[in-house]
1. Is there any pair linking a residue in region B:146-158 that is within 8 Å of chain A (Cβ to nearest Cβ) and among the polar types (S, T, N, Q) to one that is in a helix (DSSP H, G or I) and surrounded by 12 or more Cβ atoms within 10 Å (Cβ to Cβ), with Cβ under 9 Å and at least six apart or on different chains, and which?
2. If you take the residues of region B:100-127 that are part of a helix (DSSP H, G or I) and in contact (Cβ under 8 Å) with a residue 60 or more places away in the chain, which of them is farthest from the chain's Cα centre (by Cα)?
3. Taking the condition of being surrounded by 17 or more Cβ atoms within 10 Å (Cβ to Cβ), more than 7 Å from chain A (Cβ to nearest Cβ) and of a type in the set (A, V, I, L, M), how many residues in region B:191-217 meet it?
4. Does A:L37 qualify as being in a helix (DSSP H, G or I) and modelled with pLDDT under 95?
5. Among the residues that make up region B:72-95, is at least one of them touching a residue at least 60 places away in the same chain (Cβ under 8 Å) and open to solvent by 40 Å² or more (accessible area, probe 1.4 Å)?
Amino acid sequence: MTEENWLQQQIQQLQSQATTYEDQAFYQALGQVSHELAQRIEQRKVNWMAASGTRQNGN
Amino acid sequence: MKTLVIVSHPEIENSMVQNFLKASCAGLEEVTWHVLPSILDVAFEQAQLKTHDRIILQFPLYWYAAPASLKNWLDTVLTGDFAFNGSQPLAGKEFGLVVSTGIAAKHFQAGGSEQATMSEILRPYELVARKLGMTYLTPFVIHQLGYWSETAKQLLVVDYQRYLSQQNFTLTDKVAWFQAQLAQRQAVAEDEAQQQQLVLIGEQLAEQSELLTDLNWQVQMIRQEEGEG
């Protein structure tokens, strides 16, 4: 299981146990920000590979 | 940071949007919810502005402007003597707008049926903020809340809370805001397993955030070296 999947699973579990609307909303949004972070990290890894490849190849 | 939400609405009891937003921020300790009364106590209004750091004007859009009570408030409270002739008591504070409209977002763009963007329509408020030496925040606009899905409404609750209480609006600050909320929930959680779960989630978020910062830095360094080369 990837770290993101683990995190999403934990958050969903807490959301399913939430007893107030505010808590449900919070965990819904927390799942989204966690996903956003994971996506940004993947994007930066691509940027990193592209940038370091450019440096090595000199173009 | 203390936030003052100044709400202008002629029939606030019947407003679905305002009631939704009021409930959304009920748990925020540093937020003052202030509905404009029909008769203003100018000294009180001015004192409130001085004691808060982020001032939010919140209203439904009527004929491309705020309801009359907010215009009256602007004219009566933000007098030259108080706000900008001589000392500037509001300088350095933040100025935000929460605006609701019954028209879909797609109509507020060049070529759209409204023929204007929200930034253009709300420009007078940006000028007010500038005149007062305040930092103008990106407006928080809610289009047609009645048509939103339950999930979208839940996300709106938190986006609104963040607009009122998050220090800055970078991703790092967003993560920090969620971590603070997790810590609050952890402090009141009765179940030990749940407490542990909240700690682990907070730690995982912190790790991800650090990794992203590190990657950003590395990419920036590589590009900088290229520029120097």
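1. From residues that are within 8 Å of chain A (Cβ to nearest Cβ) and among the polar types (S, T, N, Q), the pairs are B:T151/A:Q28; B:Q154/A:Y21; B:Q154/A:Q24; B:Q154/A:A25; B:Q154/A:F26; B:Q154/A:Y27; B:Q154/A:Q28; B:Q154/A:A29.
2. Among those that are part of a helix (DSSP H, G or I) and in contact (Cβ under 8 Å) with a residue 60 or more places away in the chain, it is B:I121.
3. Total meeting the criteria: 1.
4. yes
5. No; the residues of region B:72-95 include none that is touching a residue at least 60 places away in the same chain (Cβ under 8 Å) and open to solvent by 40 Å² or more (accessible area, probe 1.4 Å).
Let's see how each residue does on (1) crowded, with 19+ Cβ neighbours inside 10 Å; (2) of a type in the set (G, A, S):
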position: B:H9; (1), (2): yes, no
position: B:V17; (1), (2): yes, no
position: B:L21; (1), (2): yes, no
position: B:A26; (1), (2): no, yes
position: B:P37; (1), (2): no, no
position: B:D41; (1), (2): no, no
position: B:F44; (1), (2): no, no
position: B:F59; (1), (2): yes, no
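The values are calculated or read from the model by the stated rules, or taken from the named source; none is laboratory data. Nothing here was measured: the structure is a model prediction, and the numbers come from that model. Don't worry about glycine lacking a Cβ; one is built from the backbone with ideal geometry, like all the others, and counts go over all protein chains shown. Side chains included, ligands, DNA and RNA excluded: accessible areas come from the protein's heavy atoms. Shrake-Rupley method; radii C 1.70, N 1.55, O 1.52, S 1.80 Å.
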